[in-house]
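A short write-up of the structure that comes next.
The values are calculated or read from the model by the stated rules, or taken from the named source; none is laboratory data. Everything numeric in this text was worked out from a predicted model, so none of it was measured. Cβ atoms come from the backbone with ideal geometry, glycine included; neighbour counts cover every protein chain shown.
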Amino acid sequence: MNETVKPLNRKVVIEKEQLKRELGVFALFSAGYGNVGSSIYYALGATAFFALGASPIVIALAGLFFVLTVWTFSEGATMMPYSGGVSHFARKAFNESFSFFAAWIHLLTYIVTVAISVYTAGEYLKVFIPFVKTAIPVSVGDFSFATSPRVITIIIAFVFVLALMYMNIRGVKEATSFNIFFAIIDIFTQALLILIGIALMLNLGKFVEYYRLGEGYWPRNFNAWVQGFAVAMIAFTGIGTISQMAEETVDYKKKIPLAYLWLIVMVLVMSITLPVVVNSAIPPPELVAQKEDAIAAFAGRMPDLRLFGGAISLSGIFVPWVSFLAVTILLMAANAGVMGASRLAYSMGEHRQIPAFIFKLHRHYNTPHVAILLISFVAVFLLSMGFFSHDIFVKLAKLYAFSSMLIFAIAHFSIIWLRIKSPEMERPWKIKGNIKIKGKEIPVSAAIGLIMNIFVWVVISSGEAWTRMIGLSWIALGFILYIFFRKKSKLPVMEEVTIERVVEAAYQPVDYGGIIVPTAGHLEAKMIHVACKIALRDKSSILAMHVVEVPMTLPVEAEIPAETEKGEKALERAAVIAKKYYNLSIDTKIVKTRSAGKAIVEAASLSKADLILLGQSGKTKSDEILSGNTVKYVAKNAPCRVFINISEKV
């Protein structure tokens, strides 16, 4: 049936999905550990490059300051349960330019996370790809050469970055259950390595021997200790992951501190005991030579296990398994880095910190494709430095420490300043151990953390020229762009500015049953006709809702004009059909959500609907949202009956 429709004078309500508070302690912990836990695969080798046999000591010291930083994030996240993280802390404590500084540095942290993760993942492929491990002679006629394992690793890293870029531009979903599964597997594997290492390979006397041997086995001066400590801090990055999920947490005032407590215990146990057994099994010079895949190198040192007269090669079992797990975990961390950076770039755009074209959404995929392209380009640029430098792994680790120290320092400083500026703010979880200065409570742990992070940052900055050049150039470029953009746009440099929403309203739930007709693109007119006929018979209400699935590369509150316009047209047509053919008025709304299925089920629960009508035309790509897994989810979880492609005659 083809209808000729004329527009009605009506207002479409756009509902911005309020993130459902459904995450518990374990979900928060697994997400945090997934980001922090992945760091050990490169942090151990990078730390050994500077601290040698004293690596377990400097990592343990870094762990103490990790605890201080966790306390700071616990207070900030429970006080400001929003997804902005450190940038939001800085905005509330200081001003917009300081918030930009925090966001810009955090953006660098995400990019370096991507670069060092994909590079290390390439190194852990040695066990599967021979030419990543050793140079292979190649001859073409009279021309012959040998492959370079370092160059091959960089090329593989390029491929990983491009693949992640493509996936995130197309739109990739983040599965909490997937993260939980691999977090459990990773914890189990590391725990098993530690237990086997303690039982079969631990020799604490080796550390005394390393100290006596001196040069090549033990840090030669104070600067080496500090550099080792600074790089060891990257073993504890990813702390902000939990605070970013505060909006989705059930009883966040209690669950966030508890999740952070779990994280402290597990990370400290793993990150301190694993370096002890690794350094006990592998002499420092050999560990430095295998720094890029130190955990796999440790697995390769495991002795055979003799059982029932036979020998079981533990190294033959653990080397490929650890390598596979490392590649998987590191690529997940790199993907989280791309998504985190793209979300942050979009948030910066919404606060008018960067030009609009950077966070512009793709016409088809509704992802910030320009931001993702730029993020990937910078990651590739950093990796390409490896063509000219043999120690690119160490350089990336130091750049990671450079940006991380600044982020931690800003977090500490923000919490301290908020204690002075806004002592009346509710603090569901408050750092213990405070001193009063002019009537203001100052957290001692945050003050110590601030001083130490600034000190370490100065040491890193004054050390290697490459790290200083890249880091300071990034900061200078950011402020030049920020001030130029603000001035050109005639916006204040210091004050907060956000993009004004044209249409936005909260969902007003009805208190009686009815019919819901969801759509994700092309309107299924047949379902509207069916709904109207049932409504005439049963005097039911009808709610037509357009579902917009927001990609993980965007914050859930992101505006997607193309989808909004498509939804308004579809709902306009639905209203016209109901009025013209059945003289009925229907309710309409647009819902922005991460999951179409969950949004439909939640709408049915809130409105106490009696029926959901789903149509599957398959006419456009977006219609596929209401097919496959979405239909299965709605059919399984809906609080009412669900009809799919029901005939008008029925």
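Scanning region 294-315 for residues that are surrounded by 13 or more Cβ atoms within 10 Å (Cβ to Cβ) and outside any strand (DSSP E or B) turns up ALA294, ILE295, ALA296, ALA297, PHE298, ALA299, GLY300, ARG301, MET302, PRO303, LEU314, SER315.
Considering only region 392-399, I want to know if a residue exists there that is free of Cβ contacts under 8 Å to residues at least 24 places away in the same chain and either under 30 Å from ILE154 (Cα atoms) or assigned by TED's automatic domain parsing to the domain that holds PRO257 (or both). No, because not a single residue in region 392-399 is free of Cβ contacts under 8 Å to residues at least 24 places away in the same chain and either under 30 Å from ILE154 (Cα atoms) or assigned by TED's automatic domain parsing to the domain that holds PRO257 (or both). Report yes if some residue within region 89-108 is over 22 Å from GLU350 (Cβ atoms), in a helix (DSSP H, G or I), in contact (Cβ under 8 Å) with a residue 40 or more places away in the chain and not aromatic (Phe, Trp, Tyr); otherwise report no. No, the conditions are met nowhere in region 89-108. Being over 28 Å from PHE207 (Cα atoms) and either modelled with pLDDT of 90 or more or in a helix (DSSP H, G or I) (or both) is a property that LEU287 lacks.
Any idea which of LEU450, LEU491, LEU477, LEU481 is at pLDDT below 90, farther than 30 Å from MET545 by Cβ and among the hydrophobic types (A, V, I, L, M, F, W, C)? Just one listed residue meets the conditions, LEU491. Whenever a residue of region 430-448 is assigned by TED's automatic domain parsing to the domain that holds ALA411, its partners that are surrounded by 15 or more Cβ atoms within 10 Å (Cβ to Cβ) and hydroxyl-bearing (Ser, Thr, Tyr), lying with C-beta atoms within less than 8 angstrom and at least six residues away or across chains, give the pairs ILE431/THR72; ILE431/SER74; ILE431/SER445; GLY433/SER445; PRO443/THR72; SER445/THR72; ALA446/THR72. If you check ILE420, ILE448, ILE415, ILE470 for being part of a helix (DSSP H, G or I) and more than 30 Å from the chain's Cα centre (by Cα), only one passes: ILE420. Each residue in region 117-175 was checked for being in a loop (DSSP other than H, G, I, E, B), in contact (Cβ under 8 Å) with a residue 12 or more places away in the chain and of a type in the set (Asp, Glu), and 1 of them qualify.
Scan ILE272, ILE239, ILE295, ILE282 and give me the residue that is closer than 18 Å to PHE408 by Cα, assigned by TED's automatic domain parsing to the domain that holds HIS412 and in contact with a helix residue (DSSP H, G or I) (Cβ under 8 Å, 6 or more places away or on another chain).
Values: ILE272 fails: closer than 18 Å to PHE408 by Cα; ILE295 fails: closer than 18 Å to PHE408 by Cα; ILE282 fails: closer than 18 Å to PHE408 by Cα.
Exactly one of ILE272, ILE239, ILE295, ILE282 is closer than 18 Å to PHE408 by Cα, assigned by TED's automatic domain parsing to the domain that holds HIS412 and in contact with a helix residue (DSSP H, G or I) (Cβ under 8 Å, 6 or more places away or on another chain), namely ILE239.
Can you tell me which residue is farthest from SER605 (Cα to Cα) among those in region 534-582 that are β-branched (Val, Ile, Thr) and part of a loop (DSSP other than H, G, I, E, B)?
Looking at residues that are β-branched (Val, Ile, Thr) and part of a loop (DSSP other than H, G, I, E, B), I get THR553.
Look at (1) in contact with a strand residue (DSSP E or B) (Cβ under 6 Å, 6 or more places away or on another chain); (2) touching a residue at least 60 places away in the same chain (Cβ under 8 Å) and you find that GLU464 fails only one, number (1). Once region 574-595 is narrowed to residues that are β-branched (Val, Ile, Thr) and either in contact with a Gly (Cβ under 8 Å, 6 or more places away or on another chain) or free of Cβ contacts under 8 Å to residues at least 60 places away in the same chain (or both), the residue that is nearest to SER541 (Cα to Cα) is ILE586.
One residue is enough: does region 326-348 have a residue meeting the conditions over 30 Å from VAL548 (Cα atoms), outside any strand (DSSP E or B) and not hydrophobic (A, V, I, L, M, F, W, C)? Yes: region 326-348 contains one or more residues that are over 30 Å from VAL548 (Cα atoms), outside any strand (DSSP E or B) and not hydrophobic (A, V, I, L, M, F, W, C).
Give me the residue from region 426-445 that is out of contact with any strand residue (DSSP E or B) (no Cβ under 6 Å at 6 or more places or on another chain) and either part of a strand (DSSP E or B) or among the basic types (Lys, Arg) (or both) and, out of that set, surrounded by the most Cβ atoms within 10 Å (Cβ to Cβ). Only one residue tops the list, namely ARG427.
Entry remark, region 250-280: residues being of a type in the set (Val, Ile, Thr) and not in a helix (DSSP H, G or I) number 1 in total.
Look at ALA259 and say whether it is closer than 15 Å to ALA46 by Cα and either surrounded by fewer than 14 Cβ atoms within 10 Å (Cβ to Cβ) or not acidic (Asp, Glu) (or both). Criteria not met by ALA259.
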